[in-house]
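Every read-out reported here was derived from the displayed coordinates using simple, explicitly stated rules and does not represent laboratory data. This one's a predicted model, so the numbers in the text were calculated from it and none came from an experiment. Methodologically, a virtual Cβ is constructed for each residue, glycine included, from the backbone with ideal geometry; neighbour enumeration extends over all protein chains shown.
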Amino acid sequence: MHITVLGASRFGVATVRQLVEDGHEVVLIDIDESRLDDLSDGLDCAMICGDGTLPSTLRDAYGDGSDALVALTNEDDVNILSTVVGRSIGFDRVIPQIVRPELVSVADELGLDDVITPHESLARSIVKGLTQHSEMETDLALHRELRITNHTVTEALDGTLIKDLDLPDQARPVAHSGSDCETFADPDVKLAEGDRVLFVVAADQTKALNTLFEES
């Protein structure tokens, strides 16, 4: 397939890498030339520096035909506008990423049937894993920079509030599984020995997070 990805965000770059590894032809668009320069040695794809909401930029990426345009910038409005323009140019499929839930209805009104909602999708996956399985993978890669890790609360942390945990800077508690309930990891949740807490953590800080739970 010939696929155009708009946005050299972490999510965008991870998507490009996966597509290339699977043998697809990819064009990456980003407005930041220095960002593309930094990525040029590590990504085996065509790159275009330009405004992805402009027809001229998207026509360059479209070339003789493209199967899909996936908009993965960090700006919802850019993603929506670019896919609307891309559809008018002729992309067979357009897929915007939308983070703000209130804009999903806008996408529906515009006839954008394929929408990526990463936060809601990840939350559903986490809750499903917590409620249907007693054990989860302790180190799941979201992409090259982030991991999902699962930790058991030790006796030393019994009674500690999540907000009082001495966490690494780039670690975020996401979900909490206790003896009788599964919830999102709100700051005021009190931990009990044997509970499990799911984190999203930068790959280079997983060791520090592991140490917190091993030594406590």
Response to the item:
Checking LEU110, LEU19, LEU58 against a Gaussian network model of the chain (alpha-carbon springs below 10 Å), the top fluctuating residue turns out to be LEU110
Discussion item. I'd like to compare 89-102, 183-196: which one has the highest average count of other Cβ atoms within 10 Å, and what's the full order after that?
Written reply: 89-102, 183-196
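Over the chain, what is the relative contact order in percent, taking alpha-carbon pairs closer than 8 angstrom and at least six residues apart?
Relative contact order here is 14 percent.
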Practice prompt. Give the percent of DSSP beta bridges with both residues in the chain that are antiparallel, rounded to the nearest 5.
Written response: 55 percent
Practice prompt. Bin all alpha-carbon pair distances of the chain at 5 Å intervals from 0 and give each bin's fraction as a whole percent.
Written response: 1, 7, 14, 15, 15, 12, 11, 10, 8, 5, 2, 1, 0
Item to complete: Could you rank the peptides 199-211, 5-17, 155-167 by their average count of other C-beta atoms within 10 Å per residue, with the highest value first?
Response: 5-17, 199-211, 155-167
Item to complete: Using +1 at the Cβ of each Lys and Arg and -1 at the Cβ of each Asp and Glu in the stretch 4-54, identify which of GLY12, ALA46, HIS24 lies farthest towards the dipole's positive end.
Response: GLY12
Worksheet item: Tell me, what is a quarter of the convex hull surface for the C-alpha atoms of the stretch 2-116, in nm² with one decimal?
Response: 6.4 nm²
